[in-house]
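Comments concern the structure below.
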């Protein structure tokens, strides 16, 4: 009789331990569902991203995964990757550049809560938005800086371009008017897109339909000492020019040699802004509950002990 009582007590203790584990796992799962976000200090980034949409950006002299892409499509593709890597709390907005002006399309919004909207609007940026065929990049950058500064003092700039000025800058007129701009006051990145070899520039009508290529007689060529080397109907990445502009504006310069170059640049700690950000920690109690359940139902491979006599 005493043996039966001892066995019964032992089974009850084992059952209570199992019930305790299951109860604790259930409480953790409830917490995983009901736990509100915690406000934690995190590094965030705020950018106004401007795309050059002039016709030279339609040159297909870059490629991704073995497929040729236009410079503009390649810039959008790299931006899509970078957007996925931006930490929550960061804000991104879109703008387009042509002539000497920049047109904001979307003011910076939080990337996690507006991720799908940012992707959808990014895919719609193309040359059909162009309002002029001219391209004065220095003035465009200066207006982008002014626009970002007006949005928020903490907004930085990312400016995609191939560096093709149209008409070409005259000797002694290379510097844009920046009397009201302090270099580095806004800061950001000038991103060069394009190949090294001069390529024909596709010509399109106002609706974006192909209309052949630009010829030498269709565009203004360089004059003076550089006239003999002028080929403004062809386009390549004008990297020295962009490097000079970046230095003048207090920007960093990166060549978009690979898509991941952009994401690394945009997450540069020099442009980080610590902010309290709602952070989802529900994964923590869920992981603990999973560990408890796995431990509870894991087959016991230890030698079985016999019930106490």
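The values are calculated or read from the model by the stated rules, or taken from the named source; none is laboratory data. Quick caveat, the model's predicted, so the values are computed rather than measured. FYI the Cβ positions are ideal-geometry reconstructions off the backbone, even for glycines, and counts take in every protein chain you see.
Observations on the structure shown:
- Matching residues in segment 245-261 - criterion: being without any contact (Cβ under 8 Å) to a residue 40 or more places away in the chain and in contact with a helix residue (DSSP H, G or I) (Cβ under 9 Å, 6 or more places away or on another chain): 258
- Residues located in segment 182-200, provided they are in a loop (DSSP other than H, G, I, E, B) and more than 17 Å from residue 136 (Cα to Cα): 182, 183, 184, 185, 186, 187, 194, 195, 196, 197, 198
- Taking segment 71-104 as the range and being closer than 17 Å to residue 125 by Cβ, in contact with a strand residue (DSSP E or B) (Cβ under 8 Å, 6 or more places away or on another chain) and not in a helix (DSSP H, G or I) as the test, the residues that pass are 92, 93, 94, 95, 96, 97, 98, 99, 102, 103, 104.
- Enumeration of residues in segment 171-207 that are closer than 20 Å to residue 56 by Cα, modelled with pLDDT under 80 and surrounded by 13 or more Cβ atoms within 10 Å (Cβ to Cβ): 174
- Meets criteria (over 30 Å from residue 199 (Cα atoms) and at pLDDT below 95) for residue 113: yes
- Only a single criterion out of (1) modelled with pLDDT under 90; (2) touching a helix residue (DSSP H, G or I) at 6+ places or on another chain (Cβ under 7 Å) is not satisfied by residue 157, namely (1).
- The one condition in (1) in contact with a strand residue (DSSP E or B) (Cβ under 9 Å, 6 or more places away or on another chain); (2) within 16 Å of residue 91 (Cβ to Cβ); (3) in contact (Cβ under 8 Å) with a residue 12 or more places away in the chain that residue 125 fails to fulfil: (2)
- For segment 60-70, taking the residues that are assigned to a strand (DSSP E or B) and in contact (Cβ under 8 Å) with a residue 24 or more places away in the chain, the one that is surrounded by the most Cβ atoms within 10 Å (Cβ to Cβ) is identified as 62.
- Here residue 268 meets each of (1) in contact with a helix residue (DSSP H, G or I) (Cβ under 9 Å, 6 or more places away or on another chain); (2) at pLDDT 95 or above with one exception, condition (1).
- Residues satisfying the stated conditions in segment 229-243, i.e. in contact (Cβ under 8 Å) with a residue 60 or more places away in the chain and assigned to a helix (DSSP H, G or I): 239, 241, 242
- Condition met for residue 17 (under 22 Å from the mean Cα position of the chain (by Cα) and either at pLDDT 90 or above or more than 30 Å from residue 261 (Cα to Cα) (or both)): no
- Residues in segment 125-144 that are within 18 Å of the chain's Cα centre (by Cα) and at pLDDT below 95: 126 alone.
- Failed criterion for residue 278 (all others in (1) surrounded by 13 or more Cβ atoms within 10 Å (Cβ to Cβ); (2) out of contact with any helix residue (DSSP H, G or I) (no Cβ under 6 Å at 6 or more places or on another chain); (3) outside any loop (DSSP other than H, G, I, E, B); (4) modelled with pLDDT of 90 or more hold): (4)
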